[in-house]
1. Within region 117-133, which residues are free of Cβ contacts under 8 Å to residues at least 60 places away in the same chain and not in a helix (DSSP H, G or I)?
2. Does residue 141 qualify as being out of contact with any Gly (no Cβ under 6 Å at 6 or more places or on another chain), surrounded by 15 or more Cβ atoms within 10 Å (Cβ to Cβ) and without any contact (Cβ under 8 Å) to a residue 24 or more places away in the chain?
3. In region 68-88, which residues are of a type in the set (Gly, Ala, Ser) and either part of a strand (DSSP E or B) or within 22 Å of residue 126 (Cβ to Cβ) (or both)?
4. For region 108-137, which residues satisfy the criterion of being under 19 Å from residue 65 (Cα atoms) and either surrounded by fewer than 20 Cβ atoms within 10 Å (Cβ to Cβ) or not hydrophobic (A, V, I, L, M, F, W, C) (or both)?
5. (1) closer than 24 Å to residue 156 by Cβ; (2) outside any strand (DSSP E or B): which one isn't true of residue 9, the others all being true?
6. Among the residues of region 1-41 satisfying the criterion of being out of contact with any strand residue (DSSP E or B) (no Cβ under 7 Å at 6 or more places or on another chain) and charged (D, E, K, R), which is surrounded by the fewest Cβ atoms within 10 Å (Cβ to Cβ)?
7. Condition check: of a type in the set (S, T, N, Q), modelled with pLDDT of 90 or more and surrounded by fewer than 17 Cβ atoms within 10 Å (Cβ to Cβ). Does residue 52 satisfy that?
Amino acid sequence: MPKNHETVALLAFTSDPIRAEQTLKKLLEQTKSFCSIMSVSSVYKSDSRQQTNQRSELVMVAKVRTTLSQRELSLNISNVKTVEGGVTSQAILLSLNREILMTPGLTLPDPRLVQDRLILQCAAEVWGQYEHPILGQTLTELVKLYPARDPVEFFSQGTYLY
């Protein structure tokens, strides 16, 4: 992809609920150094991990615009993380336009976009008309196909974080 060609991507952010607001703000600030945030979803708390003795997790998705190549964007996103109290919070590249890529280091669209119902729901909030390049359906359509199975609760609005 040539430089200065603008692309749109979906990024997921995961965080520990204890330091939620400050951690998500840090992750978004790190992201702003290489892309502009167009919109962010609400923040949701997933409690499904309690059933497996893992910590609960907060999830939020942002729709961003960037001029970076796929490789540069992937590299930058892999560095968007914080580690506090032994818990890693991070950003995940879910999609980049309608690119399809399957390499050992990166798969686009990321399978979690449709495998994780909470990520899918958040992504549909910010870009419901995004058509999954493999499944051929919009995120809004896909949300309706995958019923929620795990307990999820609204945590906060994402818009005040950026």
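The values are calculated or read from the model by the stated rules, or taken from the named source; none is laboratory data. All values reported here derive from a predicted model rather than from experimental measurement. Reconstructed Cβ throughout: ideal geometry from the backbone, glycine too, with neighbour counts over all protein chains shown.
1. Initially, region 117-133 is screened for residues free of Cβ contacts under 8 Å to residues at least 60 places away in the same chain, giving 117, 120, 124, 128-129, 131-133.
Listed by number, the residues that qualify are 128, 129, 131, 132, 133.
2. Working: out of contact with any Gly (no Cβ under 6 Å at 6 or more places or on another chain): yes; surrounded by 15 or more Cβ atoms within 10 Å (Cβ to Cβ): yes; without any contact (Cβ under 8 Å) to a residue 24 or more places away in the chain: yes.
For residue 141, the condition - out of contact with any Gly (no Cβ under 6 Å at 6 or more places or on another chain), surrounded by 15 or more Cβ atoms within 10 Å (Cβ to Cβ) and without any contact (Cβ under 8 Å) to a residue 24 or more places away in the chain - is met.
3. Of the residues in region 68-88, the ones of a type in the set (Gly, Ala, Ser) are 69, 74, 78, 85-86.
Residues satisfying the conditions are 74, 78.
4. Result: 109, 110, 125, 128, 129, 130, 131, 132, 133.
5. Single failed check for residue 9: (2).
6. Top of the filtered list is 3.
7. Working: of a type in the set (S, T, N, Q): yes; modelled with pLDDT of 90 or more: no; surrounded by fewer than 17 Cβ atoms within 10 Å (Cβ to Cβ): yes.
No; evaluated as a whole, the condition is false for this residue.
Residue-by-condition table, conditions (1) free of Cβ contacts under 8 Å to residues at least 24 places away in the same chain; (2) not in a loop (DSSP other than H, G, I, E, B):
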{"site": "44", "(1), (2)": "no, yes"}
{"site": "62", "(1), (2)": "no, yes"}
{"site": "90", "(1), (2)": "no, yes"}
{"site": "98", "(1), (2)": "no, no"}
{"site": "135", "(1), (2)": "yes, no"}
